[in-house]
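First the structure, in the form of structure tokens, and then the observations on it.
Derivation of every value follows stated rules applied to the coordinates shown; laboratory data play no part. What you see is a predicted model; the values in this text were computed from it and never measured. Because the Cβ atoms are built from the backbone with ideal geometry, glycine has one as well, and the counts that use them run over all protein chains shown.
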Amino acid sequence: MTNHNDDNNYLKTSQGSEQKSKEKVFGQLTIGKLVFLAVISLLLSVAGPLIVFAPIPLCIAFLLYGKGKTFGLIAATIAVIVGASFLVSSLEGTRMMSLYFVVTSIVAFLTARVVWNKQNPVSALLKNGFSVFTVLALLFGLLVMLSGKTTVDMFTDTVVQVGDSLKASKGFDNFLAEGGEQAEAMKFIIDKPKEVAILVLRMTFAVTFVGTFFFLWISQFMLMRNSLIWRQFYDYPYKMKDLVRFKVPEQFVYGLILAMALIPLGSFVFESQLMETIGWNIVYSLGIFYFFQGFGIVSDALDTYGIFGFFRSIVVILSIFMGYQAVTILGIADIWIDFRKFLKKKNKMKEI
């Protein structure tokens with residue numbers, strides 16, 4: 001006789017009712033575990049730089065529990081946060097948590113959809129990245145239009161608000177009195193908000209572009225790295241190698257060289273801040289793709305030299321968060337130096 005309670009031990013595949021087969025899951029997929037994944041994601045969303053890892057628990061939730069339950073829990077979580085912020089005055093500041101959680105949820109859904117649709121991870125990264133960046137640009141343009149202010153004035157108002165919150169913070173006067181680089185930086189924000197706004201505005205394009213692609217890439221990378229959790233349920237044809245072996249078209253190097261030339265030309269020859277700004281924005285925007293390419297070489301090198309386990313994880317983390325400039329340069333150098341050819345020779349020598 002079939003035990004109906006045993007249905008909780010199964011998970012339908014990504015094709016749902018179209019594919020009747022079910023896969024066995026070790027342990028029950030309880031609502032408690034779904035809530036736990038959402039809570040971890042929420043905490044990471046408000047943990048500063050750790051927000052880049054926030055979509056991963058929700059990605060796993062989407063893949064294991066499906067869209068309906070996961071979206072339902074996301075909506076309920078946001079409703080609880082917003083409701084509590086209005087009911088309890090001391091929790092008013094938690095409203096921003098809901099915004100961070102919405103961003104995390106969108107990235108998680110886009111990442112999980114790559115698996116559902118059996119998309120090539122690199123193609124999906126480019127498609128999602130450009131789509132999200134375009135939407136953000138349109139929203140920013142709409143916000144500027146509705147504000148009725150210039151872009152500089154809108155940014156200045158934001159900087160002023162940041163300065164006011166700094167001044168209202170406890171112990172701020174003592175912090176300024178102690179001096180130091182951070183104190184001087186905060187004083188500069190308060191005393192010269194317009195200059196700060198212009199500095200921020202000059203690099204807004206590059207920061208948004210790089211941040212969008214990096215956020216999506218790290219989510220896809222971490223999901224692929226933890227594929228043992230979900231791969232048994234989805235016939236996903238791609239592996240980690242397909243993501244990390246990112247290859248920038250060789251023609252892009254001409255755009256990079258031109259952008260790098262604009263920087264000194266704008267600074268010293270034409271004395272054009274606009275030309276210099278355009279140059280820097282293009283360099284950083286193209287740089288994120290060369291970082292992806294360089295990281296693929298680092299990954300292949302770790303394979304070649306047999307570096308796995310905990311030490312590999314440490315090298316990967318350092319490469320992403322501390323050695324990103326060196327990894328990017330490695331990706332650019334790969335245009336002229338075939339590093340993988342050298343690694344293949346190394347592998348052949350090992351076989352001999």
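How large is ³J(HN,Hα), in whole Hz, for each residue of the range 243-259 in order, when computed from phi with the Karplus curve 6.51 cos²θ - 1.76 cosθ + 1.60 and θ = phi - 60°, using x for Gly and Pro? Karplus-based 3J(HN,Hα) across the range 243-259 equals 8, 6, 7, 6, 10, 7, x, 4, 5, 5, 5, 5, x, 5, 5, 4, 5 Hz. For the range 117-189, the number of Lys pairs with C-alpha atoms closer than 27 Å, counting only pairs eight or more positions apart or on separate chains, is 5.
In order along the range 152-164, phi translates into HN-Hα couplings of 5, 5, 5, 5, 4, 4, 5, 5, 4, 4, 4, x, 5 Hz, rounded to whole numbers, per the Karplus curve 6.51 cos²θ - 1.76 cosθ + 1.60 with θ = phi - 60° and x for Gly and Pro. Each part gets one Cα centre, and for the range 143-207 versus the range 276-333 those centres are 32 Å apart.
Within the set (1) -0.41, -0.97, -1.45; (2) -0.30, -0.74, -1.28; (3) -0.41, -0.82, -1.16, the number that log10 I(q)/I(0) by the Debye sum over Cα atoms at q = 0.07, 0.11, 0.15 Å⁻¹ takes when calculated for this structure is listed as (1). Can you list the chymotrypsin sites (Phe, Trp or Tyr not before Pro) in the range 92-157 that are in a DSSP coil and have 15 or fewer other beta carbons within 10 angstrom? Qualifying residues, ordered by number: none. Amide H contacts for F246 (H built 1.01 Å from N in the peptide plane; partners 5 or more residues away or on another chain; cut-off under 5 Å): G296. Charge dipole (Cα centre; +1 on Lys/Arg Cβ, -1 on Asp/Glu Cβ; no other charges) of the chain amounts to roughly 1500 debye. Eigen-decomposition of the gyration tensor built on the alpha-carbon atoms of the range 246-351 gives equivalent ellipsoid semi-axes of 33, 16, 9 angstrom, largest listed first. Note that the range 49-64 has calculated 3J(HN,Hα) couplings of x, 5, 4, 5, 9, 4, x, 4, x, 6, 4, 5, 4, 4, 6, 8 Hz, one per residue in order, obtained from phi through the Karplus relation 6.51 cos²θ - 1.76 cosθ + 1.60 (θ = phi - 60°); glycine and proline are x.
Relative contact order, whole percent, for the range 61-191 stands at 13, derived from Cα pairs under 8 Å and 6 or more residues apart. Pick out, from W336, N120, V82, the residue whose Cα sits farthest towards the positive end of the charge dipole of the chain, with +1 on the Cβ of Lys and Arg and -1 on the Cβ of Asp and Glu. Of the listed residues, the answer is N120. Number of Lys-Lys pairs in the range 197-352 with C-alpha atoms under 18 Å apart and a separation of 8 or more places or on different chains: 6.
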